[in-house]
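Asker: Let me give you the structure first, and then I'll get to my questions.
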Amino acid sequence: MSSEQYQRTVNSLDKEIADLEKKKAAKDKEVANLQGKINSMKKSITSHTSQSTLNSKMRQIASYESDQAKKSNDSAELGKKMAEKRKKRADAYLKLQKEQQKEQRKQDDINRKVQASYEAQIEELQQLLQSPATIANEILSDEEYDVFVSHAYEDKESFVDEFVEALRNQGLKVWYDTDKLKWGDSMREKIDKGLAKSRYGVVVLSPNYIAEHKYWTKAELNGLFQVETVNGKTILPIWHNLTKKQVVEYSPIIADRKAMTTALMTPQEIAEALKALFTSENLEETENGQTENAQL
(Lines give C-alpha, C1' and ligand atoms only; values in the text may rest on other atoms or scores of the structure.)
Protein backbone atom coordinates (compact mmCIF):
# COMPACT_ATOMS: atom_id res chain seq x y z
CA MET A 1 0.00 0.00 0.00
CA SER A 2 1.09 3.56 -0.66
CA SER A 3 1.36 6.26 2.01
CA GLU A 4 -1.84 7.84 0.61
CA GLN A 5 -3.74 4.58 1.19
CA TYR A 6 -2.39 4.23 4.73
CA GLN A 7 -3.30 7.87 5.40
CA ARG A 8 -6.86 7.20 4.22
CA THR A 9 -7.02 4.19 6.57
CA VAL A 10 -5.81 6.29 9.52
CA ASN A 11 -8.32 9.04 8.70
CA SER A 12 -11.15 6.50 8.44
CA LEU A 13 -10.24 4.93 11.80
CA ASP A 14 -10.05 8.38 13.41
CA LYS A 15 -13.61 9.05 12.25
CA GLU A 16 -14.85 5.67 13.51
CA ILE A 17 -13.19 6.24 16.91
CA ALA A 18 -14.74 9.71 17.16
CA ASP A 19 -18.20 8.25 16.38
CA LEU A 20 -17.75 5.54 19.04
CA GLU A 21 -16.62 8.12 21.60
CA LYS A 22 -19.74 10.15 20.90
CA LYS A 23 -22.00 7.10 21.31
CA LYS A 24 -20.25 6.03 24.53
CA ALA A 25 -20.57 9.53 26.00
CA ALA A 26 -24.30 9.44 25.26
CA LYS A 27 -24.66 6.01 26.95
CA ASP A 28 -22.68 7.16 30.00
CA LYS A 29 -24.95 10.20 30.28
CA GLU A 30 -28.04 7.95 30.21
CA VAL A 31 -26.49 5.75 32.92
CA ALA A 32 -25.83 8.83 35.07
CA ASN A 33 -29.41 10.11 34.55
CA LEU A 34 -30.81 6.75 35.62
CA GLN A 35 -28.62 6.75 38.72
CA GLY A 36 -30.02 10.18 39.58
CA LYS A 37 -33.56 8.86 39.25
CA ILE A 38 -32.73 5.86 41.44
CA ASN A 39 -31.21 8.06 44.13
CA SER A 40 -34.18 10.43 44.01
CA MET A 41 -36.63 7.56 44.25
CA LYS A 42 -34.83 6.06 47.25
CA LYS A 43 -34.80 9.43 49.05
CA SER A 44 -38.56 9.71 48.60
CA ILE A 45 -39.10 6.57 50.68
CA THR A 46 -39.67 7.42 54.34
CA SER A 47 -41.02 5.70 57.44
CA HIS A 48 -44.41 7.14 56.60
CA THR A 49 -44.52 5.60 53.10
CA SER A 50 -47.38 3.13 52.82
CA GLN A 51 -46.72 -0.48 51.88
CA SER A 52 -48.47 -0.19 48.53
CA THR A 53 -46.53 2.99 47.66
CA LEU A 54 -43.32 1.34 48.82
CA ASN A 55 -43.93 -1.67 46.60
CA SER A 56 -44.59 0.63 43.63
CA LYS A 57 -41.42 2.63 44.24
CA MET A 58 -39.32 -0.51 44.65
CA ARG A 59 -40.62 -1.84 41.31
CA GLN A 60 -39.73 1.49 39.65
CA ILE A 61 -36.24 1.41 41.19
CA ALA A 62 -35.76 -2.16 39.93
CA SER A 63 -36.80 -1.08 36.43
CA TYR A 64 -34.33 1.84 36.52
CA GLU A 65 -31.55 -0.45 37.75
CA SER A 66 -32.26 -3.00 35.00
CA ASP A 67 -32.20 -0.29 32.34
CA GLN A 68 -29.04 1.16 33.88
CA ALA A 69 -27.29 -2.22 33.82
CA LYS A 70 -28.15 -2.67 30.12
CA LYS A 71 -26.88 0.78 29.20
CA SER A 72 -23.72 0.25 31.28
CA ASN A 73 -23.12 -2.97 29.36
CA ASP A 74 -23.65 -1.11 26.05
CA SER A 75 -21.13 1.52 27.19
CA ALA A 76 -18.61 -1.20 28.03
CA GLU A 77 -19.04 -2.79 24.57
CA LEU A 78 -18.48 0.57 22.93
CA GLY A 79 -15.34 0.95 25.05
CA LYS A 80 -14.03 -2.41 23.77
CA LYS A 81 -14.69 -1.43 20.17
CA MET A 82 -12.88 1.87 20.75
CA ALA A 83 -9.87 0.00 22.15
CA GLU A 84 -9.79 -2.30 19.08
CA LYS A 85 -10.07 0.64 16.69
CA ARG A 86 -7.31 2.50 18.51
CA LYS A 87 -5.03 -0.54 18.23
CA LYS A 88 -5.75 -0.78 14.49
CA ARG A 89 -5.17 2.95 14.17
CA ALA A 90 -1.80 2.67 15.93
CA ASP A 91 -0.78 -0.19 13.59
CA ALA A 92 -1.91 1.74 10.50
CA TYR A 93 -0.11 4.88 11.65
CA LEU A 94 3.10 2.90 12.19
CA LYS A 95 2.83 1.48 8.66
CA LEU A 96 2.12 4.99 7.35
CA GLN A 97 5.32 6.28 8.92
CA LYS A 98 7.34 3.38 7.51
CA GLU A 99 5.88 3.89 4.02
CA GLN A 100 6.56 7.63 4.17
CA GLN A 101 10.16 6.89 5.15
CA LYS A 102 10.42 4.36 2.30
CA GLU A 103 9.03 6.87 -0.21
CA GLN A 104 11.38 9.53 1.10
CA ARG A 105 14.34 7.19 0.64
CA LYS A 106 13.15 6.47 -2.90
CA GLN A 107 12.90 10.19 -3.64
CA ASP A 108 16.36 10.69 -2.16
CA ASP A 109 17.68 7.95 -4.49
CA ILE A 110 16.09 9.72 -7.47
CA ASN A 111 17.66 13.01 -6.39
CA ARG A 112 21.05 11.34 -6.03
CA LYS A 113 20.73 9.82 -9.51
CA VAL A 114 19.78 13.19 -10.98
CA GLN A 115 22.79 14.73 -9.26
CA ALA A 116 25.02 11.92 -10.55
CA SER A 117 23.63 12.50 -14.04
CA TYR A 118 24.48 16.20 -13.83
CA GLU A 119 27.98 15.38 -12.65
CA ALA A 120 28.40 12.87 -15.49
CA GLN A 121 27.26 15.51 -17.99
CA ILE A 122 29.79 17.96 -16.55
CA GLU A 123 32.54 15.38 -16.90
CA GLU A 124 31.46 14.62 -20.46
CA LEU A 125 31.47 18.31 -21.30
CA GLN A 126 34.98 18.65 -19.94
CA GLN A 127 36.11 15.78 -22.14
CA LEU A 128 34.43 17.32 -25.18
CA LEU A 129 36.08 20.64 -24.51
CA GLN A 130 39.41 18.84 -24.73
CA SER A 131 38.44 17.46 -28.16
CA PRO A 132 36.91 20.20 -30.39
CA ALA A 133 36.89 17.81 -33.34
CA THR A 134 34.28 15.68 -31.58
CA ILE A 135 31.94 18.64 -31.28
CA ALA A 136 32.45 19.60 -34.92
CA ASN A 137 31.71 16.06 -36.09
CA GLU A 138 28.50 15.96 -34.08
CA ILE A 139 27.32 19.33 -35.46
CA LEU A 140 27.97 18.20 -39.03
CA SER A 141 26.41 14.79 -38.50
CA ASP A 142 23.20 14.11 -40.41
CA GLU A 143 22.52 10.75 -38.79
CA GLU A 144 19.09 9.18 -39.22
CA TYR A 145 17.36 6.96 -36.68
CA ASP A 146 14.90 4.10 -36.76
CA VAL A 147 13.10 5.12 -33.59
CA PHE A 148 12.57 8.28 -31.54
CA VAL A 149 11.55 7.43 -27.95
CA SER A 150 9.27 10.03 -26.35
CA HIS A 151 8.92 9.44 -22.60
CA ALA A 152 8.79 11.01 -19.15
CA TYR A 153 12.05 11.14 -17.21
CA GLU A 154 10.43 9.39 -14.21
CA ASP A 155 9.77 6.24 -16.31
CA LYS A 156 13.40 5.66 -17.33
CA GLU A 157 14.23 3.30 -14.49
CA SER A 158 10.94 1.37 -14.46
CA PHE A 159 10.76 0.72 -18.23
CA VAL A 160 12.37 3.04 -20.80
CA ASP A 161 16.07 2.32 -20.18
CA GLU A 162 15.52 -1.43 -20.51
CA PHE A 163 13.26 -0.94 -23.56
CA VAL A 164 15.85 1.21 -25.38
CA GLU A 165 18.55 -1.37 -24.67
CA ALA A 166 16.27 -4.08 -26.07
CA LEU A 167 15.69 -2.01 -29.23
CA ARG A 168 19.42 -1.61 -29.73
CA ASN A 169 19.93 -5.32 -29.19
CA GLN A 170 17.52 -5.78 -32.11
CA GLY A 171 19.92 -3.72 -34.24
CA LEU A 172 17.75 -0.59 -34.33
CA LYS A 173 19.18 2.95 -34.18
CA VAL A 174 17.46 4.82 -31.36
CA TRP A 175 17.28 8.56 -30.62
CA TYR A 176 17.30 8.69 -26.82
CA ASP A 177 17.84 11.86 -24.80
CA THR A 178 20.18 10.20 -22.32
CA ASP A 179 22.94 9.96 -24.92
CA LYS A 180 21.79 12.66 -27.39
CA LEU A 181 21.38 15.62 -25.06
CA LYS A 182 24.49 17.10 -23.49
CA TRP A 183 24.87 19.88 -20.96
CA GLY A 184 24.29 23.20 -22.64
CA ASP A 185 22.44 21.73 -25.65
CA SER A 186 19.25 23.39 -26.89
CA MET A 187 16.58 20.84 -26.00
CA ARG A 188 14.17 22.24 -28.58
CA GLU A 189 16.77 22.09 -31.38
CA LYS A 190 18.00 18.60 -30.50
CA ILE A 191 14.51 17.13 -30.06
CA ASP A 192 13.27 18.72 -33.29
CA LYS A 193 16.21 17.21 -35.13
CA GLY A 194 15.63 13.81 -33.52
CA LEU A 195 11.94 13.87 -34.46
CA ALA A 196 12.66 14.84 -38.06
CA LYS A 197 15.38 12.21 -38.50
CA SER A 198 13.47 9.27 -37.03
CA ARG A 199 11.42 6.76 -38.96
CA TYR A 200 9.06 5.91 -36.10
CA GLY A 201 8.06 7.77 -32.95
CA VAL A 202 7.47 5.52 -29.95
CA VAL A 203 5.41 7.29 -27.28
CA VAL A 204 5.59 5.75 -23.78
CA LEU A 205 2.32 7.00 -22.32
CA SER A 206 2.19 6.90 -18.52
CA PRO A 207 0.72 8.92 -15.63
CA ASN A 208 4.03 10.81 -15.57
CA TYR A 209 3.88 11.47 -19.33
CA ILE A 210 0.36 12.92 -19.33
CA ALA A 211 0.77 14.97 -16.13
CA GLU A 212 -0.40 18.58 -16.48
CA HIS A 213 3.02 20.10 -15.81
CA LYS A 214 4.83 18.01 -18.46
CA TYR A 215 5.69 20.58 -21.15
CA TRP A 216 8.29 18.56 -23.07
CA THR A 217 6.20 15.41 -23.42
CA LYS A 218 3.33 17.44 -24.89
CA ALA A 219 5.75 19.23 -27.20
CA GLU A 220 7.28 15.95 -28.39
CA LEU A 221 3.88 14.37 -29.05
CA ASN A 222 2.71 17.44 -30.95
CA GLY A 223 5.93 17.32 -32.95
CA LEU A 224 5.40 13.67 -33.82
CA PHE A 225 1.87 14.43 -35.02
CA GLN A 226 3.23 17.23 -37.22
CA VAL A 227 5.97 15.04 -38.70
CA GLU A 228 3.45 12.27 -39.32
CA THR A 229 1.13 14.68 -41.11
CA VAL A 230 3.88 15.82 -43.45
CA ASN A 231 5.96 12.71 -43.98
CA GLY A 232 3.57 9.90 -43.16
CA LYS A 233 5.66 8.79 -40.21
CA THR A 234 3.97 6.47 -37.74
CA ILE A 235 3.38 7.07 -34.04
CA LEU A 236 3.60 3.85 -32.00
CA PRO A 237 1.99 4.15 -28.53
CA ILE A 238 3.01 2.09 -25.50
CA TRP A 239 0.80 2.20 -22.40
CA HIS A 240 2.79 2.04 -19.17
CA ASN A 241 0.82 1.88 -15.89
CA LEU A 242 -2.08 3.59 -17.66
CA THR A 243 -5.76 2.79 -18.27
CA LYS A 244 -7.79 3.23 -21.46
CA LYS A 245 -9.89 5.90 -19.72
CA GLN A 246 -6.79 7.95 -18.82
CA VAL A 247 -5.51 7.80 -22.41
CA VAL A 248 -8.89 8.85 -23.82
CA GLU A 249 -9.06 11.81 -21.42
CA TYR A 250 -5.53 12.86 -22.44
CA SER A 251 -5.84 12.38 -26.22
CA PRO A 252 -8.79 10.65 -27.94
CA ILE A 253 -6.77 10.61 -31.17
CA ILE A 254 -3.88 8.61 -29.78
CA ALA A 255 -6.25 6.46 -27.70
CA ASP A 256 -7.76 5.24 -30.99
CA ARG A 257 -4.39 3.80 -32.06
CA LYS A 258 -3.46 0.20 -31.45
CA ALA A 259 -0.98 0.19 -28.58
CA MET A 260 1.38 -2.17 -26.81
CA THR A 261 1.07 -2.34 -23.04
CA THR A 262 3.69 -3.09 -20.41
CA ALA A 263 1.00 -4.83 -18.37
CA LEU A 264 1.01 -7.69 -20.89
CA MET A 265 4.42 -7.53 -22.60
CA THR A 266 8.04 -7.24 -21.51
CA PRO A 267 10.38 -4.58 -22.94
CA GLN A 268 12.08 -7.30 -25.00
CA GLU A 269 8.78 -8.50 -26.49
CA ILE A 270 7.74 -4.97 -27.45
CA ALA A 271 11.17 -4.37 -29.03
CA GLU A 272 10.80 -7.58 -31.05
CA ALA A 273 7.36 -6.46 -32.25
CA LEU A 274 8.85 -3.14 -33.38
CA LYS A 275 11.70 -4.91 -35.15
CA ALA A 276 9.10 -6.99 -36.99
CA LEU A 277 7.69 -3.79 -38.53
CA PHE A 278 11.04 -3.07 -40.18
CA THR A 279 11.36 -6.66 -41.35
CA SER A 280 7.88 -6.50 -42.91
CA GLU A 281 8.63 -3.17 -44.60
CA ASN A 282 11.91 -4.48 -46.03
CA LEU A 283 10.11 -7.51 -47.48
CA GLU A 284 7.48 -5.26 -49.08
CA GLU A 285 10.17 -3.02 -50.57
CA THR A 286 11.98 -6.07 -51.97
CA GLU A 287 8.78 -7.49 -53.49
CA ASN A 288 7.86 -4.12 -54.99
CA GLY A 289 11.35 -3.81 -56.47
CA GLN A 290 11.15 -7.27 -58.03
CA THR A 291 7.72 -6.47 -59.49
CA GLU A 292 8.97 -3.22 -61.06
CA ASN A 293 12.00 -5.01 -62.53
CA ALA A 294 9.77 -7.71 -64.00
CA GLN A 295 7.56 -5.09 -65.63
CA LEU A 296 10.59 -3.43 -67.20
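The values are calculated or read from the model by the stated rules, or taken from the named source; none is laboratory data. Because the structure is predicted, anything quoted here is derived from the model rather than measured. Note: ideal-geometry Cβ built from the backbone for every residue, glycine included; neighbour counts use all protein chains shown.
Asker: Looking only at segment 259-276, which residues are touching a residue at least 12 places away in the same chain (Cβ under 8 Å), more than 17 Å from Glu165 (Cα to Cα) and out of contact with any strand residue (DSSP E or B) (no Cβ under 7 Å at 6 or more places or on another chain)?
Answerer: Listed by number, the list holds a single entry, Ala263.
Asker: Can you tell me which residues in segment 226-253 are at pLDDT 80 or above and surrounded by 15 or more Cβ atoms within 10 Å (Cβ to Cβ)? Walk me through how you get there before you give the answer.
Answerer: Initial filter on segment 226-253 (at pLDDT 80 or above): 235-253.
Passing the criteria: Ile235, Leu236, Pro237, Ile238, Trp239, His240, Asn241, Leu242, Gln246, Val247, Tyr250, Ser251.
Asker: Restricting attention to segment 257-280, which residues are over 22 Å from Lys173 (Cβ atoms) and more than 23 Å from the chain's Cα centre (by Cα)?
Answerer: Arg257, Lys258
Asker: Go through segment 199-255 and tell me which helices (runs of 4 or more DSSP H), entirely inside it, have 2 or more residues that are of a type in the set (Phe, Trp, Tyr) and under 22 Å from the mean Cα position of the chain (by Cα). Lay out the reasoning, then the answer.
Answerer: On the way: elements: 215-231, 244-250, 252-255.
Output list reads 215-231.
Asker: Restricting attention to segment 193-215, and to residues there that are of a type in the set (Gly, Ala, Ser) and more than 16 Å from Leu236 (Cβ to Cβ), which single residue is surrounded by the fewest Cβ atoms within 10 Å (Cβ to Cβ)? Even if it seems obvious, please write down each step before you answer.
Answerer: Within segment 193-215, the first condition is being of a type in the set (Gly, Ala, Ser), and the residues that meet it are 194, 196, 198, 201, 206, 211.
This time we only want the ones that are more than 16 Å from Leu236 (Cβ to Cβ), so: 196, 211.
Numbers: Ala196: 16, Ala211: 13.
Once the filter is applied, the top-ranked residue is Ala211.
Asker: If you don't mind, there's one more thing I want to ask. Can you confirm whether segment 6-22 contains a residue that is without any contact (Cβ under 8 Å) to a residue 60 or more places away in the chain and touching a Gly at 6+ places or on another chain (Cβ under 7 Å)?
Answerer: Step one: of segment 6-22, the residues without any contact (Cβ under 8 Å) to a residue 60 or more places away in the chain are 8, 11-12, 15, 18-19, 22.
Still in the running and touching a Gly at 6+ places or on another chain (Cβ under 7 Å): none.
There is no residue in segment 6-22 that is without any contact (Cβ under 8 Å) to a residue 60 or more places away in the chain and touching a Gly at 6+ places or on another chain (Cβ under 7 Å).
Asker: Limited to segment 62-103, what total is found for residues that are aliphatic (A, V, I, L, M) and free of Cβ contacts under 8 Å to residues at least 40 places away in the same chain?
Answerer: So the answer is 6.
Asker: If we scan segment 47-68, do we find a residue that is under 54 Å from the mean Cα position of the chain (by Cα), part of a helix (DSSP H, G or I) and within 30 Å of Tyr93 (Cβ to Cβ)? Write out each step before concluding.
Answerer: From segment 47-68, those under 54 Å from the mean Cα position of the chain (by Cα) are 67-68; that's our starting set.
Next cut, part of a helix (DSSP H, G or I) only: 67-68.
Right, trim to within 30 Å of Tyr93 (Cβ to Cβ) and you get none.
No: zero hits.
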